[in-house]
Amino acid sequence: MKLNDIKASLYTPRSAVNICFIIVLLFVGMLLNSRINTLLYRFVEGQVARQASTISEKVSEDLRTELLSLSYRSMVFGKAADRTEVVFDAMENVNNNIKLGLMATDGSVIDGEPVTTEEFPGIQSSFRGNGYITYNDKRGLLFSFPVYNGENIKYVLYELCPKEYISKRFGIKCFDGMGHALVLSRNDELIIPFDGSTSDDIDFFFGSEISSVFSELTQELQTQVSSSRRVTTSDGDYFVFASEVPETEFYLAGFVSSDVAAEGAYSIVLLVSRVFLLITVLFTIGSAYLIITSGKVHENDELIKAKIIAEEASKAKSEFLASMSHEIRTPINAILGMDELIIREFNDPDLRQYALNIRNAGNTLLTIINDILDFSKIESGKMELVPVEYDLSLMVYDLASMIRPRADKKGLSFIVSANSDIPRGLYGDNIRLKQCVLNLLTNAVKYTENGSVIAVFDFENTLDGYVNLKVSVKDTGIGIKPEDMEKMFSPFERVDVVRNRAIEGTGLGISIVKQLLALMDSKLEVRSEYGKGSEFYFTVRQEVRDPAPMGDYEKSYIHTIEAVEQYHEQFTAPTAHILIVDDIEMNLTVASGLLKNTEIMIDTAISAKNALTHTEKHEYDLLFIDDRMPGMGGVEMLKELRSRKDNPNSTKPCIVLTANAIAGAREQYMQAGFEDYLSKPIDAAELEKTLLRYLPKDKIILNISKKNAADKPEEPKPEELQITESNIEELKGYIENDSGLYNAVQLLMKRTHK
C-alpha cells in the first residue's frame, strides 16, 4: 500500500473512531493505574500506621512492665524498712546487667549504682510520688519509683539499664525483622535503637532524605496516635512511620522497605490492570462506564443497608443486655440483701455459716452473670483486674462446696488436693481467679459421666515475696480430639457437637478463662486423650501477704468463719431524712433493712409519681431512685423533680440505685443528671460510703468505737419455732417489734401462698 493510501485510510470516519477509542482506552488505563497506585499507597500507609501503633503499645507495655516490677520491689522495701541491706542485696543479684540503687530524699545514694538528679531529673518526680522513666545519653535508661514508709516517701528505688544493654533488653523487632523502629525523646534524642542496628542504619534514619518526612509525621502526632508516609530515596522506596508511645514522654519512629510493607499488593495492581484491559477490549466505553458506575451505586446502597442493620442490631443488643441485667440482678439483690440482714441479725454459728455460704455463692454467681450480661466487655477484651488481699482456704472451700453437689448428683468422685503449705494470705484478683477455676471444674463435671474429677492446688515459692500458684483440674471424661483443640478456645463453639448435643451451656467458659488468665500474665494449658479424659492447668503469680501455711483448707475455713466479726454501722444519723424509690417492695425492704441501725429516717415510694408527691410534702437530705419503673422511669422523674423550682428537693442530691450494670451505665446516668450511681445487688459498705459522702456533715455521728459482737451480752434465745401455717401468728408476734424483718417475712409468706 502506498503512503498516500495509508494517509487516506487514517481520515475515514471508522479509523477516526478507532483511533479515538484507542486513545481513550490508553487514557483511562493510565488514570486507572494511577488511581490504583494512589489507593494502594494510602492503604499501605494506613496499614503501616496501625502496625506502628501496635509496636508502640508493645514498647509501652515493656517499659511499664519494668516500672511495675520496680514498684513491687519498692513495696517490699517499704515493708522491710529495718532490713533494707538484706533485701537490696537479694534484689541486686537478680540481673547482672541491670544496676539497682537506693536514694535518700536528700539526693544521696544509700546503696547500689551511684546516680545524680542532674543526670536523671525524673528522680525528682518519684520523690513526689510518681514512677518515672528518664534517659541519659551517657549513662542509659533509668526507672525510678518511690518507697513509702507509711504515708511518707522515705527513699527512691531505681534501676539503671546501661546504654549498651538497652537495645538487647528493649530492642524492637517489626515487620518480621525486616523493618526498623526506634524510640526517641521529644527533642529527638535516641533512646532505644532498633534491634540489631548498625551505624549505617542510624545514619540513614537521621539522613536528610527522610529526616524532613519524620518532622512532618511527629507534628501530625499532635492530632493523631500514629502516622505513616511513603518516601523515595536513593536506596529505594520506603514507608516511614511515627507513633506515640502511650503513657510515656517518648515516641516511636522507623522505616520499612516498600516491598516488605506492601507484600503481595503490587501483584494485585498488575492483575487489576490486566482485567481492566480485557474489559475495555470486550466492551465499549459507554457500557464499561455504566457497569462501573452502577456497580458503585449498588455497592454504596448495600453498605448503607448493612450499616443500618448493624446499628439496629447493636441497639437491640444493648437494650436486651440492659433489660436482662435489670431482670436478673433484681432477684439477686433481694437474695443477697436478705442474706445480709440474716448475717447482721442472728448469731447462731450454723445459721451464720449457711448465710456466709449463700453470700459467697451469690457473689460468685453475680460476677459470672456480670461477665455474660456485659457481653460487649467480653468481645472487646476490656476486663479489668481488681486485686485484693484474700484467704486462699476460703476460695478452695467455696469451690469445693459449689462443685461437690454436682459431682455427687452424677455419681462422680470429687477430690480436692490442696498443699497445706501454701501461704494463707495472698494478694490478687481472687474473684477472677475463682471464676477461672469454677469454669474449669464445671466443665469437668459436665463432660464426665463416670470416674472422677480432681482439683489440685499447689505452689512454687519464688523467694521474692510472691508465689507461683499452680492449679490443675483433671477428669476422666470424654477427652478432646486433636483437631478440636483450637475450636475449644473460640467463643460459643462446642467440640464434638454430635456427641455433646445434650450438654447445656453457652460455650463461653473456656474463652473467658483464656482472656482472664491472659490479664494475669498466665496461659491455660491442656493435656487430653480422646475417650479417656483431660487435664486443664495453669500457673498464676500472686503476692504473699500472710506467709503462714494454709493448713487443711476445710479446718481453716471453719476457723475463719468463727472469727468473722458481726457487722457494725460506720455512723448514725437520727436527724437525717432520705427517700428510697423502687417499684419492687422487696427492694425497698432490703434497702431499709440495711440502713436500720443507722437510725436514719427513711421514707419509701413504690413509684415515681408517688415519690414526687412525697417530695412536695417533705424536705429530704438525699434521694435514692430506681430507673426502670413502670410508667415514669427514674431518669424522667429526675428531670421532672429538677424542673419544679419551688419543690424543696429540686436541688437535693439524687443517687440512681439500679440493676442496670452493663458497660457504660454509670456514665449514662451521670450524664442524665444523677450525682452518683449504685448498682444492685446493694453493697452495704458502698451504700454507707455514699451516705457519708452526700449527707450533711452536721447530721452524721461517726461510730469511732466498735465492739466485737462476741463482747455483747448474749440475749435469751426463744424456743425453736416450726414455721408452719398453724403457727404463723406466733412467728409474727415474735418479730413484730422489728418492722423491717416483719414486713420482709410477711411479703415472703404472701409469695409462698401464691
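Every read-out reported here was derived from the displayed coordinates using simple, explicitly stated rules and does not represent laboratory data. Keep in mind that what you see is a predicted model, and the values were worked out from it rather than measured. Neighbour counts are summed over all protein chains in view; Cβ atoms, including those assigned to glycine, are modelled from backbone coordinates with ideal geometry.
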Region 38-108 versus region 132-180: alpha-carbon centroid distance in Å: 6
Footprinting exposure proxy for Lys680, Lys639, Lys58 (fewest neighbouring C-beta atoms within 10 Å first): Lys639, Lys58, Lys680
Computed label-point distance, nm, for sites Lys481 and Lys173 using a 7 Å Cα→Cβ extension: 3.5
Difference of contour (0.36 nm per residue) and Cα-Cα distance, Ser420 to Ala80: 119.8 nm
Least to most buried among Arg404, Arg186 (fewest other Cβ within 10 Å first): Arg186, Arg404
FRET efficiency, 1/(1 + (r/R0)^6) with R0 22 Å, evaluated for Val260 and Ser211 via beta carbons: 0.55
For region 688-697, Karplus couplings with θ = phi - 60° (6.51, -1.76, 1.60), whole Hz, Gly/Pro x: 5, 4, 5, 5, 4, 6, 10, 6, x, 4
When each of Lys434/Lys470; Lys645/Lys689; Lys410/Lys470; Lys168/Lys514 is checked by Cα-Cα distance, pairs over 23 Å: Lys645/Lys689; Lys410/Lys470; Lys168/Lys514
Interchain or long-range residues, amide H under 5 Å from Asp237's placed H: Ser258
Gain on full stretching of the segment that runs from Val225 to Ala104 - 0.36 nm per residue minus C-alpha separation: 39.8 nm
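So, R0 is 45 Å and r is the distance between the beta-carbons of Glu460 and His577; what FRET efficiency does that work out to, to 0.05?
Between Glu460 and His577 the formula returns 0.20.
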Rough spin-label spacing in nm, given labels placed 7 Å along Cα→Cβ, for Arg128 and Ser650: 4.4
Estimated FRET transfer efficiency (Asn610, Gln668; beta-carbon r; R0 22 Å; 0.05): 0.35
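Tell me, in nm to one decimal, what length is gained between Ala548 and Ile309 on full extension, where the rule is 0.36 nm per residue of separation less the Cα-Cα distance? Before the final figure, lay out each step's value.
Working: separation 239, 0.36 × 239 = 86.04 nm, distance 5.83 nm.
Contour length minus the Cα-Cα distance gives 80.2 nm.
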Least to most buried among Val86, Val544, Val109 (fewest other Cβ within 10 Å first): Val86, Val109, Val544
Amide proton proximity set for Asp627, modelled H, under 5 Å, gap of 5+: Gly634, Leu657, Ala659
For region 461-476, 3J(HN,Hα) per residue [Karplus equation, 6.51 cos²θ - 1.76 cosθ + 1.60, θ = phi - 60°, Hz, x = Gly/Pro]: 7, 9, 6, 10, x, 10, 10, 8, 7, 9, 10, 9, 10, 10, 9, 10
